[in-house]
Amino acid sequence: MPLTLLVFLLASGITYYLGNKSHSSVPWIGGGVSILLLSLILYKLRESWLVLNDYPYLFVGEQESVWQIMGLSFFVFNAISYLMDIKRGFIQPAESFVKLTTYLLYFPTLFTGPLHRFKYVDSQLNQANVTQKSFSNGMRLILWGVFKNFVIAQRLNYLYVELWKSNSGGLWTLIIGFVFFFYIYFSFSSFVDFFQGVSEIFNVRLKDNFHKRVYLSRNRHEFWRGWHITLNEWFRDYFFYWQMKFKFWRDKPYLLLLLTYLLIGLWHGITVKFFIWGFLNACWILLEKWWKIPERFSRMSYFKFLGILYHLSLCSILALVFISPSLDELIVRISQSNYISTEVLIYQKRNLLIILVMGLVVDQYHRWSKDLRMDMYFELLPSWKRRSIYICICFFIIIFGVFSGHLENYYLRF
C-alpha cells in the first residue's frame, strides 16, 4: 500500500505540473497523456502476462500477484480527462496540488469508480460538509449496497463457482454465463451504491454508474446506455468524439465504433479473449443498427419479453467469453454433450430460492423508485414505511447474508 500510494502521489505531481504547462508552446499535455496511457498499457501487459504464465486462475479470488496497483485504471482515466479538459479550454488548471490530488485520489471512486470530471467533483468538494440529511441519505445507500452484495451478489458468486466446477456442458453452459451476468451486476452496482453512500455523507454526490433495471435490457443499445455509464461516456468524449474531428474517421464512423469497443474490451485486460469480447460487442451493436432492432422493439410493446430473452441469451454467451480462462477451453466445454449437474442444483436449492426471492425484492423496489436514486426514493416515503423497510433490509442481511470467507468484488481487478 505505501508503494502504491507513492506511485499515485508521483503521478499526481506530474499531472499537476503538466496541467500548469498548458499555455506553453511545448505540447506538454499531449506528452503527459501519452505517458499516462503508456504506464497503464505496460501495467496491463504485465498483469496479463502474470495471469497467463505465473498465476493462472479460474475463479474469483484465486489470483495473486507480487504487486498490484489497485485503482490504476480509474486514476489514469481521471488524470487524462483532467489534462484534456484543460487542453480544450473547458477548465482551468487546479489551484493547488492538494486540490488535484484530492480529486485523483478521492477514495470512494478510486477502486471501483464511477469516473468523474474534475469540474464536477471539485465544485462539490469545495462545499463538502456533513449534515443530518446527508448522513441519513448516505447511510441509506450504504445499507442498500450491503443488502445487494451480501444477500444476493455473494450467493450468486457461490452458485457461479459451483456451476463452473461441475461438468455442465453444451447449451447448459449458458446457465453459467447467465448467473455470472447477474452476479457482476449485483456485485459491481452494490459497491457503487456503497461508495456513493460514503461520499453522500459528506454532501458529495457521485454519478450513477448503472440504470436500475439494466439487467432487463431489450437490446444491446439499451444495455450499453445503462451499464458502466461513466466508462462509456469517457470513451465517447475522450476517444470517439476526439477522433471524429479527423476526416478519415468522419467518413468511417462504424469502423471507429468498432475500434472504440475493442479498446473497451482491452481496458479490462490486454489479452486475446478481451479483444474478442470487445469485437463481439461491436459486431452486436452494428448488426442491431443495420437491422434497426432498437426501433422495432420500441414500437412493439408486446415484444418486450422476447427482447429481454433475446438479450439475456446472447449476453450469457459474451459473459462466458469474459470469464473463461481461454477460448479453446470454452469451445471444448460448449462442444460437450448437453449436461447440467443436478447434484449442484439440489445442493443449491435453498441458495437459489433466496437469490430468486431477494432478486425480485430488489427489482420491485427498482420499479417503484423509477429514476430516483434509492436514498431519494426512501426519503420521500412516510417515516413509518421507511423505517419498516430499514428493519426488513437489516433482517434480510442478518438472516440471509453470506459473510464466510472474504468479500468478492470481481470488477476490482480491472
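Structural remarks
- Global geometry of segment 107-263, whether rounded, prolate or oblate, following the gyration tensor of its Cα atoms and the 1.5 cut on a/c: oblate
- Under 17 Å from the D237 label point (7 Å along Cα→beta-carbon), backbone N, segment 70-101: 74-94
- Stretching K349 away from L42 to a fully extended chain increases their span by 106.1 nm, per 0.36 nm per residue minus the current alpha-carbon distance.
- Here the dipole of the chain is about 1260 debye; that uses its Cα centre as origin and unit charges on the Cβ of Lys and Arg (positive) and Asp and Glu (negative).
- Value of Rg/Rh across segment 198-251 [Cα atoms, Kirkwood radius]: 1.15
- Over all directions, the projected convex hull of the C-alpha atoms in the chain averages 22.5 nm² in area.
- Between segment 219-280 and segment 77-98, the Cα center-to-center distance that results, in Å: 23 Å
- Number of Lys-Lys pairs in segment 99-253 with C-alpha atoms under 19 Å apart and a separation of 8 or more places or on different chains: 5.
- ³J(HN,Hα), Karplus 6.51/-1.76/1.60, whole Hz, each residue of segment 174-182, x for Gly, Pro: 4, 4, 5, x, 4, 5, 5, 4, 6
- Karplus (6.51, -1.76, 1.60) ³J(HN,Hα), θ = phi - 60°, over segment 79-87, in Hz, Gly and Pro reported as x: 5, 5, 4, 4, 5, 6, 5, 5, 4
- Estimated inter-spin distance, K289 and R386, nm [label 7 Å along Cα→Cβ]: 4.5 nm
- Straightening the chain between E379 and D328 buys 13.3 nm, computed as 0.36 nm per residue apart minus the Cα-Cα spacing.
- Cα shape, segment 69-154, gyration tensor, a/c 1.5 rule: oblate
- Estimated FRET transfer efficiency when R0 is 45 angstrom, pair I397-N129 (beta carbons, to 0.05): 0.95
- Accessible area (Å², 1.4 Å probe, nearest 10) - I86: 10 Å²
- Here the contact order of the chain, divided by its residue count and restricted to Cα pairs under 8 Å and six or more residues apart, works out to 23 percent.
The values are calculated or read from the model by the stated rules, or taken from the named source; none is laboratory data. Not measured: the values here are computed from a predicted model. Methodologically, a virtual Cβ is constructed for each residue, glycine included, from the backbone with ideal geometry; neighbour enumeration extends over all protein chains shown. Remember, those area values only see protein heavy atoms, side chains included, never the ligands or the DNA or RNA. Shrake-Rupley method; radii C 1.70, N 1.55, O 1.52, S 1.80 Å.
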